[in-house]
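What follows is a short report on a single structure.
The values are calculated or read from the model by the stated rules, or taken from the named source; none is laboratory data. Every value quoted in this text rests on a predicted model; they were computed, and no experiment measured them. Every residue, glycine as well, gets a Cβ built from its backbone with ideal geometry; the counts of neighbours run over all protein chains shown.
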């Protein structure tokens, strides 16, 4: 008589559990960062609330700046946050995808950008229901720009490392 399909394998481990643990080890940083992004999309981090912290800080740093200039800087800081959030998110997604696979594959880059694009659209859609927040296509574009920038820089770094490795190997070979 054979064991049921969901019975633990020899040694007391369940293959499905092991796959889930492996998957979780790869993806938990990206999932945690997605939660951070979602928290930053709440009313507490809306324009009205962040201005209470950022504008006094900017005024303290630049006391001669006009109110219009401070408001512009506040706006630029908030939009830069989109780029930074998704820059980091993109690298974490890429890490999860490629972990355990040596080298760099452009397909992984496209998948990472695709995942973060979908998440950015869902995040903006979520904001359309949050009082004091609005959904904006330009914010999705900023998010994707941040993620794509991370992927380009990671790809260039991978290319540079591979070229250095090849140069080292060629230099170490006798003529």
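Quick notes
- Residue count for the stretch 1-44 satisfying the condition of being part of a loop (DSSP other than H, G, I, E, B) and at pLDDT below 85: 15.
- Index of the failed condition, residue 132 passing every other in (1) free of Cβ contacts under 8 Å to residues at least 40 places away in the same chain; (2) surrounded by 13 or more Cβ atoms within 10 Å (Cβ to Cβ); (3) farther than 23 Å from residue 28 by Cβ: (1)
- Sole exception among (1) at pLDDT 95 or above; (2) surrounded by fewer than 10 Cβ atoms within 10 Å (Cβ to Cβ) for residue 145, by number: (2)
- Restricting attention to the stretch 131-175, the residues that are more than 27 Å from the chain's Cα centre (by Cα) and in a helix (DSSP H, G or I) add up to 9.
- Scope the stretch 113-129; condition touching a residue at least 12 places away in the same chain (Cβ under 8 Å) and closer than 17 Å to residue 35 by Cα; matching residues: 115, 116, 117, 119, 120, 121, 123, 124, 126, 127
- Taken together, 96, 68 contain a single residue that is loosely packed, with under 13 Cβ neighbours inside 10 Å, at pLDDT 90 or above and part of a helix (DSSP H, G or I), which is 68.
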